[in-house]
Structure formats: structure tokens, C-alpha cells
Amino acid sequence: MSATSRREFLVAACRMAPAICVTGLAAPFFRSEAFAESRIDEILRTAPRARYWTSAAHDPKLVKCLLCSHACAIRPGGRGRCRTRMNVGGELRSLVYGRPLAIHVDPIEKKPFYHFLPGAAAFSLGTSGCPLRCKFCQNWQLSQSAPEDHPTTWTPPGSLVSAAADRMAPVIAFTYNEPTVQTEYLTDVAREARKRGLSSVIVSCGFMNEAPLSEMCEVLSAVKIDLKGFSPDFYREVSGAELKPVLRSIAQVARSGVHLEIVNLVVPTLNDSEKMLRGLADWVAGEVGPDVPVHFTRFHPDYQLRNLPPTPVATLELAREIAMGKGIRFAYVGNVPGHPGNNTLCPKCGKVVIGRSGFFVSEMNLSGGRCKFCRRPIPGVWA
Ligand code: SF4
């Protein structure tokens, strides 16, 4: 980022900072460029050697990051596209390890997970940085900033798990920015959490490579992946990424047996064509099966797409109808509180097995993982 554009970014971020929902160990508070420069030395003191990288054969000081599909080549002193991985003397280091900055206890439905421990409190955290550049990002103050832009407190995995346990949260959710950038931290936290009886989940763009995702699947209990649009052009133009690696990740999680849910944020005029919605539903039904929940969520103008209107509810209803027509059994309308499409219906008797009001469970007709009315099993992690 150039000096000018960085300054502009920080000014804009300061204006938006109150929009970030934060409590707990540390809060993002954007400071000056001098502040950021003074922070990097402190961060480097605790930044461990990263996993998933290799040295270039022709130049041992040049590093290639293998964490996500961007495969950044990083020179000494440089960073990857996500801003969180730095080449320090030929060794790749993670600048976000132990540096959570947005922490909040949310209902698990807010992630959204609808078939995973309904009503559970999720101790949710994010860091700075992201490999993607989504023009609609609602957390861009975090995702498009660097670790040194924020004051953070060194928080080793055990302390984070203790903080979650102290708040009686059975789930730790890595969310707000792309969790892949903190893969070393999240897997260490998730291992520690599992030992202490807590589950860990991620809310991800699915752009990571196979090997890191495989390590994550060993320690996570649920994964939500954003399938942002069923078009390579949409991914390139709106998110600065590629569709193929995301589809590969979704299929990999489905094969792993870890609980999976998919979200499609429907953005007016960009990914809301019937052709794209049908393509997405066809792929999900065929590749990962009809029992994986799919959420069609409402876009609200934000970041670089303030010129577009919110998604009409009728478009979300159409997306849900298309998905159910393709055999997807649990298709939802999201970000529209009170809409009947928020509820889980039994595919056999059609009755409401889980009723939701906003992010809260208002009615529970599940018993032992089955519909209370007709006893059909409902797929999910319920206890
Ligand atoms: S994780 Fe970051 S540094 Fe690594 S390849 Fe992806 S964008 Fe580049």
C-alpha cells in the first residue's frame, strides 16, 4: 500500500471503527502511520515461524507461501497479499499468531450455523488481514488492514481458551476476517479447546490449500464456507480470487465428515441471475449432497458497493425455491429477521423443527436429532 493510499485507508477506517462490534481482550482502534511502524517490532517479538511455505530453489531468501491459492512469492522484509505473513531473513513468520483483536460472544446462528448446536454461545474472534478483496466486505476495517494498524495484546492459545470457558461459551468461532491467515493460531487454539471440552468452528472463504484445510478439519467441529457466486468472473472481479479452489475446499470439508454449511450472499445485479443461482444449487446438490444447509443471505450496501440496494427479499425467496427444486433439503433465507425461510422444516412432514427469530431459537421441536412430529432424522450436530 502506498503512503497516500494507506493514510486514506486509515482515515476511512477511523470513521468506520464504531461499526465493529467488539468487546473483550482487545479492541481495534486505528492509529497513525507512526503508531503502526512502532508496533511491528513488538509483533515480531512474538511472531512464530509460519507453517505451509517453502524456499525458492534458486534463492533461499525468497519464500513461497503455500497456505492459500494465491501462492505469494515474498522477498525478505515483504508480506503476502493478506498482509499477515512476513519474510524475515528467509523465514516466513505469522504476524497474527496470538493477536486477536475483535472478540465478542455471539449466538452461533449469527455465523450462521443452523444445524450445529442451536442456541450455543460462540466466543468469536478475528484478526486483521485477508487474502481476498471482496468489494462488499462488511468487516473491511479488519480484513483490509495490517496487524500493526491495531493495538493488540499477546494472547497465547491457553489464555484464549480460558477466556472462552470463563464466559461459558461451548464454541470458539474464528470469524470476522478470513481465519486461514491465522491457521497456526487457530489450530493450536482448537487443539487446546478440544482438550478442555470446547468445540471450534470457522467462517471461511474456502480459499486455502488442501494441506492446511486438512489440518484444520482434524481439529474443527464445523466449517462454514462462503460460496460467493457461481462464476469465475464474479470471483475475479468482485473478490480478487478464483472460484475453483473454493469448490475444492467445500468438497474436501464434505468428504472429511466435519459439519459443513454454505452461505451465498446474493448481491443485486452481480451474482443474482437465475443462471448463477441454478448453477450453484446444481453443484451443491450433486457434489456435496442435499443435506448440506445452504443460506441465501441478504446483501446490505457496504465498503465499495454502497451504490447497490439491499437484496430484494423476493430474490432470496427465488434462490431458496430454486435450491429446494434441485433437491437441497435445507435452504434458508438469511439476514431477513422473522422471515419463515429462517426456520428449519422437516423434509418429511413439513412442520417447523427449529423456529428462529432473528439470531435466536424461538421454537425447538427436535428430540434426539429427530423431528418430534414424525421422527425423521434431521442431519446436523445437535448435542
Ligand atoms: S496466505 Fe497470504 S501470504 Fe500466503 S499465499 Fe495466501 S495471501 Fe499470500
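The values are calculated or read from the model by the stated rules, or taken from the named source; none is laboratory data. Every value quoted in this text rests on a predicted model; they were computed, and no experiment measured them. Here the Cβ positions follow ideal geometry from the backbone for every residue, glycine too, while neighbour counts run over all protein chains shown. What goes into the accessible areas is simple: the full protein's heavy atoms, side chains included, and nothing from ligands, DNA or RNA. Shrake-Rupley method; radii C 1.70, N 1.55, O 1.52, S 1.80 Å.
Which of the listed residues, His300, Val352, Leu316, is farthest toward the dipole's positive end in region 227-383, when Lys, Arg count +1 and Asp, Glu count -1 at the beta-carbon? Checked the options; the winner is Val352. Set the Cα radius of gyration of region 91-247 against 2.2 N^0.38 Å, with N its number of residues, and you get 1.00.
Computed with a 1.4 Å probe over protein heavy atoms only, the accessible surface of the chain comes to 39 Å² per residue. For the chain, modelled as a GNM whose springs connect Cα atoms under 10 angstrom apart, the maximal fluctuation among Met86, Met216, Met324 occurs at Met324. Whole-Hz Karplus values for region 295-303 come out as 10, 9, 10, 7, 7, 10, x, 7, 6 Hz, taken residue by residue from phi with 6.51 cos²θ - 1.76 cosθ + 1.60 and θ = phi - 60°; glycine and proline positions read x.
Here the alpha carbons of region 250-333 define both size measures, Rg and Dmax, at 13.2, 40 Å. Stokes-Einstein diffusion coefficient for the chain at 37 °C in a medium of 0.692 mPa s, Rh from the Kirkwood formula over Cα pairs: what value in µm²/s? Value of D from the Cα-based Kirkwood radius: 154 µm²/s. Sequence-distant contacts, meaning Cα pairs under 8 Å at least 6 residues apart, place the relative contact order of region 343-383 at 29 percent.
Exposure check, 1.4 Å probe, all protein chains in place: Leu243 carries approximately 10 Å² of accessible surface.
Database remark: amide H of Phe330 closer than 5 angstrom to the amide H of Val294 (H placed geometrically; neighbours at sequence offset of 5 or more, or on other chains; Pro and chain starts carry no H). Amide hydrogen proximity for Ala102: with H placed 1.01 Å from N in the peptide plane, the residues at 5 or more positions away or on another chain lying under 5 Å are Gly126. Taking label points 7 Å from Cα along the Cα-to-Cβ direction, Arg375 and Glu242 give a separation of 5.1 nm. Taking region 102-336 as the region of interest, the number of lysine pairs whose Cα atoms are within less than 28 Å, with members eight or more places apart or on different chains, is 27. Where q = 0.33 Å⁻¹, what log10 of I(q)/I(0) comes from the Debye formula for region 343-383, counting one point per Cα? For region 343-383, the Cα-only Debye profile gives -1.19. Close amide-amide hydrogen proximity is noted between Val353 and Thr344, Leu345, Cys346, each under 5 Å apart and 5 or more residues distant or on a separate chain (H modeled in the peptide plane; Pro and chain starts excluded). Under the shape rule built on the C-alpha gyration tensor, where the axes satisfy a ≥ b ≥ c, region 198-294 is prolate, since a/c reaches at least 1.5 and a/b is greater than b/c.
Averaging the Cα positions of each part gives two centres, and for region 368-383 and region 285-326 these lie 25 Å apart.
What percentage of the solvent-accessible surface of region 102-336, computed with a 1.4 Å probe over protein heavy atoms, is contributed by carbon and sulfur atoms? That share works out to 51 percent.
Relative intensity of region 102-178 on a log10 scale, I(q)/I(0) at q = 0.15, 0.24 Å⁻¹, equals -0.58, -1.13, per a Debye sum over C-alpha point scatterers of equal strength in the absence of solvent.
Between Lys61 and Asn365, the distance separating the two model label sites (each 7 Å from Cα on the Cα→Cβ line) works out to 6.8 nm. Simple point charges give the picture: +1 on the Cβ of Lys and Arg, -1 on the Cβ of Asp and Glu, and for the chain a dipole about the Cα centre of about 420 debye. Within the straight-line cut-off of under 13 Å between alpha carbons, the aspartates and glutamates reachable from Lys64 are Glu91, sequence neighbours fewer than 8 places apart in one chain being disregarded. For Leu345, Leu160, Leu247, the ranking by accessible surface with the largest value first comes to Leu345, Leu247, Leu160, using a 1.4 Å probe.
When each of the peptides 72-80, 100-108 is scored by the mean number of other C-beta atoms lying within 10 Å of its residues, the order from highest to lowest reads 100-108, 72-80. Each residue of region 263-276 is assigned a 3J(HN,Hα), and the resulting list reads 10, 10, 7, 8, 9, x, 6, 9, 9, 9, 6, 4, 4, 5 Hz, derived from the Karplus form 6.51 cos²θ - 1.76 cosθ + 1.60 (θ = phi - 60°), x at Gly and Pro.
The listed peptides 56-63, 332-339, 256-263, 224-231, ordered by packing as a protection proxy, come out as 224-231, 256-263, 332-339, 56-63 (highest mean of other Cβ atoms within 10 Å first).
Relative contact order for the chain: what is it in percent, counting Cα pairs under 8 Å that are at least 6 residues apart?
Details: 801 pairs, mean separation 46.9, N = 383.
That works out to 12 percent.
Rolling a 1.4 Å probe over the protein heavy atoms leaves Arg329 with an accessible area of roughly 90 Å². Between the beta carbons of Thr54 and Leu318, assuming R0 = 51 Å, the FRET efficiency works out to 0.65 to the nearest 0.05.
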